[in-house]
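Notes to accompany the following structure.
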Amino acid sequence: AQKGYQVLLGFADDPVFDHVKDGFYLYKDHAYCSIDRLKKQKSKNMFVGALDEEGLIYDEKTYATTRGAKELLDSVDAVFLWGENQFNLVKKISDKKDNKYIVGSPKFDLYKKLKKTIKNSNNKINILVNTRFAYTNGLKGEIELIENLKSLGYINNSEDEKNFKLRIQDDIKIFNEFDFFINKISLNPLFNIVIRPHPAENLNFYKKYEKLSSNIKVDNESPMLKQILESDFIVHDGCTTAIEARALGVPVFGLRPDNLLNPYD
């Protein structure tokens, strides 16, 4: 933008991108579900780049079968990589070398330069509770969820579907653990709690907490970075924001019961 180029930032499905050609298209991943989208951009004489924004949270097998589409890793003009670990992982999927560039992570490289400098002004212990219960408190039903995961490549057979249903049962237990924790800690005036639900969750469930205590606020619209820096510690279960918090030097606590049917990392 500083050099006079026109720059468009937007959601992937924004129709404005259908009318752009002969430019540079930078996308947030190179997953199997993105093949058609990126091929469409290539067909319009776009220089296509892909930088996986959060794919490295997955294990190697899941990454290879969902986030690392060989067709894209071979065909896009530039694959931007966080570092040597991702380079070596991607190399097992795609042996094409002239379109791979190690550039770092725009998010985490920035976090390394930041420090927790915001001081609390309320004389309380500020807790940020990040949730990710789209399977148990989501906007979609189980059938719709399963169909969506099939289209994304996360469910490929009956065994995958069986394991997913076990995971839902586990998530119910974890979800109940969070419910118990928030109810319990809300009784202590020493704590100030901000609950940040996942965008795919139903906010109405969490809104009841605000009626329970004036120390609780539900907020998934404020900048995540600001929320983390204002917190004394983070409570989560398998949430990528926990990695962001640790990169910023904020203490992180995982909350998970030990009686799960299908334990997973």
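The values are calculated or read from the model by the stated rules, or taken from the named source; none is laboratory data. Remember, predicted model here, so these are calculated numbers, not experimental data. FYI the Cβ positions are ideal-geometry reconstructions off the backbone, even for glycines, and counts take in every protein chain you see. Please note that ligands, DNA and RNA were not included when accessible areas were found on the heavy atoms of the full protein model with its side chains. Shrake-Rupley method; radii C 1.70, N 1.55, O 1.52, S 1.80 Å.
Structure data summary
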item	result
Members of segment 229-246 found to be under 15 Å from Ile127 (Cβ atoms) and either in contact with a helix residue (DSSP H, G or I) (Cβ under 9 Å, 6 or more places away or on another chain) or crowded, with 17+ Cβ neighbours inside 10 Å (or both), listed by number	Leu229, Glu230, Ser231, Phe233, Ile234, Val235, His236, Asp237, Cys239, Thr241, Ala242, Ala245
Hits in segment 89-105 - residues which are over 21 Å from Cys33 (Cα atoms) and under 22 Å from the mean Cα position of the chain (by Cα)	Ile102, Val103, Gly104, Ser105
Which listed residue is surrounded by fewer than 17 Cβ atoms within 10 Å (Cβ to Cβ), in contact with a Phe, Trp or Tyr (Cβ under 8 Å, 6 or more places away or on another chain) and among the β-branched types (Val, Ile, Thr), from Ile146, Ile125	Ile125
Residue within segment 205-228 that is open to solvent by less than 40 Å² (accessible area, probe 1.4 Å) and aromatic (Phe, Trp, Tyr) present	yes
Failed condition for Leu73, given (1) in a helix (DSSP H, G or I); (2) free of Cβ contacts under 8 Å to residues at least 12 places away in the same chain	(2)
Tabulated pairs, segment 145-157, first more than 12 Å from Thr66 (Cβ to Cβ), second of a type in the set (A, V, I, L, M), C-beta under 7 angstrom, 6+ apart or interchain	Ile146/Ile155
Counted residues, segment 180-202 - those being aliphatic (A, V, I, L, M), part of a loop (DSSP other than H, G, I, E, B), open to solvent by less than 40 Å² (accessible area, probe 1.4 Å) and touching a Ser or Thr at 6+ places or on another chain (Cβ under 8 Å)	0
Residues of segment 1-27 classified as assigned to a strand (DSSP E or B), open to solvent by 90 Å² or more (accessible area, probe 1.4 Å) and under 12 Å from Arg37 (Cα atoms), total	1
Yes/no for Asn88 being closer than 30 Å to Lys112 by Cβ and free of Cβ contacts under 8 Å to residues at least 40 places away in the same chain	yes
In segment 53-106, residue modelled with the lowest pLDDT [restricted to those that are of a type in the set (S, T, N, Q) and open to solvent by 40 Å² or more (accessible area, probe 1.4 Å)]	Thr65
Residue in segment 28-35 that is free of Cβ contacts under 8 Å to residues at least 24 places away in the same chain, closer than 28 Å to Glu60 by Cα and assigned to a loop (DSSP other than H, G, I, E, B) present	no
